[in-house]
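Rule-based calculations on the coordinates, nothing more; no lab input. Since the structure is predicted, the reported quantities are computational estimates derived from the model, not experimental observations. Positions of Cβ are generated from backbone atoms using ideal geometry, with glycine treated the same way; all protein chains shown enter the neighbour counts.
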Amino acid sequence: MKVLPRSAFGQTVLLIGFLLFVNQVVSYVSFALYVIEPNQQQINQLLAKQVRVVFIDIKDARLSPKMAEAFHRETGIGVYREADALKLGLGSAGYYPYRSEQMSVLLGGSAEVRISQGDEYLFWIRPPQAPNLWVKIPLLGLEEANFSPLIFFLGIIGVLSVAGGWLFVRQLNRPLKSLQRAAEDVGRGDFPDPLIEHGTSEIMAVTQAFNHMSKGIKQLEDDRNLLMAGISHDLRTPLTRIRLASEMMSAQDEFLKDGIENDIDDMNNIIDQFIDYIRHDSKDKAELGDLNILIEEVINVEVPADRNIQFIASNCPKIPLRHVAVKRALANLIQNALRYTEGDIEVFTGVDKRKGYAYFIVSDQGEGIPDADIERLFQPFTQGDKARGTEGSGLGLAIIKRIVDTHGGSVELSNKPQGGLQAKVSLPLKF
C-alpha cells in the first residue's frame, strides 16, 4: 500500500502542507506560552495583591463587618463565610487546580481558587490567612479564552497556503508533462515540433536540450533512410542487369538460370525487409479503426488457395491503428505461419478491458520453437535454428516488434500445450 506520493508534484505539495502544519503548531504553542501564560500570571498576581490588601492588618480570622461592608462598597470585593458564599454562588463555581497552585505560591500557603461566570466574572479565593473565609473578587471584561476563531483562521491560512503551493507546483510541472509526452512520441518514432521553452531556467535548459536531441535523432533517422534508399537503388540496378543477362542464357544453362533468378529474388526480398525495418511506416498516422475488418482484409490477401485460415472474431471497440503498419505486422505473422507449418492457421481477436488492450492472436500447428529462443528471435538478424529454418534476413519478428512498440503495445510468442506456436499482439484501446 502506497502512503507517500511517488510524483514530484505530490511530494512537493505534501512537503508544503507538512511544513505549514508544523508552522501552525509552533505558532499556536508560542502564542500560548508568550501571550496567554503571561496574561494568566498577571491576573493571578493582581488577585493575590487584592487578597493581601483585605487581610493586611488581620492577625486572626475575624473581620470587622463595617470594614468588610465599606471595602465591598468601594471595590466590589466581598469577604464571606462559607455558608454565605455558597448562597451567593460558590457552589456553582468551578475548581481550578492550576490556579490554586499558583495562588498558594503567591499567598504563601494553601489556597483554593474557584471561578464562576454569570452577569460578571467572579473569582472565589480561600486564602491561607483565613481558611474559613472566601474572598469574592469580580473582574470585568474577562472571558473564557475562545480559540475557535484562532483555529479557524489558522485553518483558512493553511488551506490557502496549500492551494497556492499546489498551483505553483502545477505550473512548475506543466512543462515536464509536455516534455514527457514529447519523449513518448519520439520513442514511438514520431518527431513533434520543438517544444516551447518556458518555465524556470532549469526547465528551459532541459527543454532546450531535448529539442536539440530530438532534432539530432530525426536527422539521424532521415540520414539512415536516405542511406538505405541509396543502397537499395544501387543494389537493384546491377540485380536487374543480372536478371536480364540470365534471360539471354541458352537452354542448356537452364538450371543455372533458375538458380540465379532465385538468388535475385532472395536478395530483393532481403532489401525489402531492410527498408521495412528502417521505415516501419513512421509517416502513417494513427486513426480509429476496426481491428476485425483490418484482419479480414489481410487474410483475404494473404491466404493461398491450398491453405486454410480460420478467423474467430470477437466484439472489439474501435482503437487507434496505423493501418498500413498493423497490416504489415499481421501479414508477417501469417506468412511465417504459412512458411513454416503445414496445418490450418487460426486468428483470434479479443479485448482485455482491465489492462486496457485489444489483441489478436495468430496460432499455427507447427513444431513450435524452444522457449529459450523466444526472446532472442525478436532481435534483428536472428533466426530459429531448427524449427524455423534459415531463410530470409531474420528481420521479420524485429519488424513486427518495432511496429507494435510504436503503438505502445506488446507482442508475445508462446508454445501451445497441444503443439504449435501462437503470437499474441496487444494494442492499447487509447493512445
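Rounded to whole Å, the principal axis extents of the Cα atoms in region 154-205 read 52, 22, 13, largest first.
If packing is taken as the mean number of other Cβ atoms within 10 Å per residue, what is the order of 152-158, 110-116, highest first? Display every interim value, and only then the final one.
Details: 152-158: 12.7, 110-116: 19.0.
Highest-to-lowest ranking by the protection proxy: 110-116, 152-158.
Computing FRET efficiency as 1/(1 + (r/R0)^6) for TYR96 and PHE168, where r is the C-beta to C-beta distance and R0 is 56 Å, gives about 0.75. Protection proxy ranking of 10-21, 125-136, 192-203, by the mean of other Cβ atoms within 10 Å over each peptide's residues and highest first, is 125-136, 10-21, 192-203.
Cα-based values for region 284-428, radius of gyration first and Dmax second, are 14.5, 40 Å. Working note: Karplus 6.51/-1.76/1.60 with θ = phi - 60° gives region 369-374 the couplings 9, x, 4, 5, 9, 4 Hz, where Gly and Pro are set to x.
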